[in-house]
Amino acid sequence: MNALKVGLLPLYVKYYDEVLPDLLARMNPFIERVHTELADVGIDVIVAPTARTEPEVAASVERFESSGVDAIVTLHLAYSPSLESASVLTRTPLPILMLDTTPNRDFGRDVDPELLLYNHGIHGVQDLASVLRRSGKPFRVIAGHLDDPEVIPRFVEVLRGARAANVLRSMRVLRIGGLFPGMGDFAVPDDLLESALGISVENIVPDDLAADVAAVREQEIAAEVASDAACFRVDCSKEVHERSLRVGLGLRSFLEKGKFDAFSLNFLAFQDPSGPVSSVPFLECCKAMVRGIGYAGEGDALTAALLGALLQGFGAATFVEMFCADWHGESLFLSHMGEINHAEAAERPLLHEKDFPFTPALNPAALACALRPGKATYVNLAPGPGGSFRLITAEVEILADGTHPGLDRWVRSWVRPKVRLPRFLEEFSHLGGTHHGVLVYGRHFDALAAFCAFLKIEHCHIT
């Protein structure tokens, strides 16, 4: 995942240049401190000149847009009147984060009244926030003094949500083999995905990969075999391994040439055991997630796009599906046919020949592993009435691996929701959750709330 990147936009009032000409120079250490605090947590910061007027704001925003920042961060040095910046900030597609902070931490009853000049930026925040809300421009405010150890971590979380929203709005998804027949929950028309969320979908059939698969060189396969031997416990024949790599590398080439950010495949569409695309590329599905490419099964472009966005915002995430309820243990068994982000595996994954009786396609090489234990957030993007969407989230605990010896050849994990399992399942389905989801490591309520705010979709957190 690339470093988070912001454009820092200090805002000021031109009137003070006339009546208090020395004041702005005294604010420069404050701007520099904000810059340093953000840079110290790994954020790439472009600091704009202090802006007082609309043309100055416009020049800085144009620079931010061309520099590919994830968000614009406003820093209000004084009462910066909103109408000098609001129209420019409303027009930009970039998310707006308003850092509501001041140079001084204390402003109590014994304060020197002259400090008011340096610490009254909060009503500039309020002015701008009110006008942006009326204009329909999404924004988030992060308030607090920089000495507060929670302020910068909260800022980073919101910024992660902003990046993920940005990525989703420009997402290119490849769907291979159409939708799985009869699955309706994630079946959203492609034109709605584009108009509502900015997700564009390209549809192909497996044979469209044939030229790229045929073009894979033996040297590429040999290098991938060596890499797999270093990463996995390999327990499949050379023939099965290499044919799976050939199809997978062909798919990788197709994704790279098309500049796709995510993809989904319907395994039932892979029918030809004698052609170049002779097996389902489950192994490449796993490797793609490790590289930050979104994925979901059964032609589910919606969840594939969601994962692609969250991988860019948060890094540690994987496609999952709820399979079985462990009522006694208050947990859910997550699995799928052979797709998992193996960067989050609890131990070295097993690469094995997977029995594939569903179509005439040949048996593929596939990974099997459990996810590493830890705190996580379950995330689902659910279609709703009238072309709407809502994001459903819940805190879960990823449990230790199972003990049955037969589990060794399964993609697997058990998760325990923070609420009781029956309550969780009731609420999830009442909210319209689909049977595909994303598991993101860590607790990310603020970030995912920001993600929804910037996309203008509903956020429902199960508590």
(request) Please determine, in degrees from 0 to 90 and to the nearest 10, the orientation of helix 445-455 with respect to the longest principal axis defined by the Cα atoms of the chain, where the helix direction is its Cα long axis. (result) 90
(request) First measure r as the distance between the Cβ atoms of Leu20 and Gln219, then evaluate 1/(1 + (r/R0)^6) with R0 = 51 Å and state the FRET efficiency to the nearest 0.05. (result) 0.15
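Please give the length that would be gained between Asp185 and Glu150 if that part of the chain were fully extended, namely 0.36 nm times their separation in residues minus their C-alpha to C-alpha distance (nm, one decimal).
8.8 nm
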(request) Return one number: the angle in degrees, 0 to 90 and rounded to the nearest 10, between the long axis of the Cα atoms of helix 238-258 and the longest principal axis of the Cα atoms of the chain. (result) 40
(request) Using a 10 Å cut-off on Cβ atoms, rank the peptides 436-446, 394-404, 86-96 from the highest mean neighbour count down. (result) 436-446, 86-96, 394-404
(request) Go ahead and run the numbers for FRET between Lys238 and Asp110, Cβ-Cβ distance against an R0 of 56 Å, rounding to 0.05. (result) 0.10
(message) Between Asp44 and Ser130, what's the calculated FRET efficiency when r is the beta-carbon distance and R0 is 35 Å? Round to 0.05.
(response) 0.70
(request) Starting from the Cα of Arg169, step 7 Å along the direction of its Cβ; do the same at His120; then give the gap between the two resulting points in nm. (result) 3.4
(request) Could you please state, rounded to a whole Å, how far the C-alpha centre of region 339-390 is from the C-alpha centre of region 142-183? (result) 20
(request) Would you work out the relative contact order for the chain, in percent, from Cα pairs under 8 angstrom that are 6 or more residues apart? (result) 14
(message) Please list, by residue number, every one of the chymotrypsin sites (Phe, Trp or Tyr not before Pro) in region 277-330 that is coil in DSSP and has at most 12 other beta-carbon atoms within 10 Å.
(response) Trp327
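State, as an integer percentage, the relative contact order of region 153-297 based on alpha-carbon contacts under 8 Å between residues 6 or more apart.
29
For a test of the definition: using alpha carbon positions, the gyration tensor, and the 1.5 limit on a/c, classify region 148-284 as rounded, prolate or oblate.
Details: a/c = 2.42, a/b = 1.41, b/c = 1.71.
Oblate.
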(message) Can you pull out the GluC sites (Glu not before Pro) in region 137-243 whose DSSP state is coil and whose Cβ has at most 14 other Cβ atoms within 10 Å?
(response) Glu150
(request) Be a star and scan region 414-454 for residues whose amide nitrogen sits under 15 Å from the point 7 Å along the Cα-to-Cβ vector of Leu407. (result) 414-416
(message) If I model a spin label as a point 7 Å beyond the Cα along the Cα-Cβ vector, how far apart are those points for Ser227 and His430 in nm?
(response) 4.7
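So what is the calculated 222 nm ellipticity per residue for the chain, using -39500 (n - 2.57) for each DSSP H run with n of 4 or more, over all residues, to the nearest 500 deg cm²/dmol?
Estimated from H runs of four or more residues: -11000 deg cm²/dmol.
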(request) Assign one of three labels to region 301-352, namely rounded, prolate or oblate, based on the Cα gyration tensor with a ≥ b ≥ c the square roots of its eigenvalues; rounded applies when a/c is under 1.5, prolate when it is not and a/b is larger than b/c, and oblate otherwise. (result) oblate
(request) Round to the nearest 10 and give me the degree value, 0 to 90, for the angle of helix 151-169's Cα axis relative to the longest principal axis of the chain. (result) 60
(request) Go through Lys259/Lys456; Lys259/Lys287; Lys137/Lys375; Lys259/Lys375 and tell me which ones have a Cα-Cα distance over 28 Å in this structure. (result) Lys137/Lys375; Lys259/Lys375
(message) Can you classify region 172-461 as rounded, prolate or oblate using the Cα gyration tensor, where a ≥ b ≥ c are the square roots of its eigenvalues, rounded means a/c under 1.5, and otherwise it's prolate if a/b beats b/c and oblate if not?
(response) oblate
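None of the figures in this text is laboratory data; all of them are computed from the coordinates on show. All of these numbers come straight from a predicted model, not from anything done at the bench. Every residue, glycine as well, gets a Cβ built from its backbone with ideal geometry; the counts of neighbours run over all protein chains shown.
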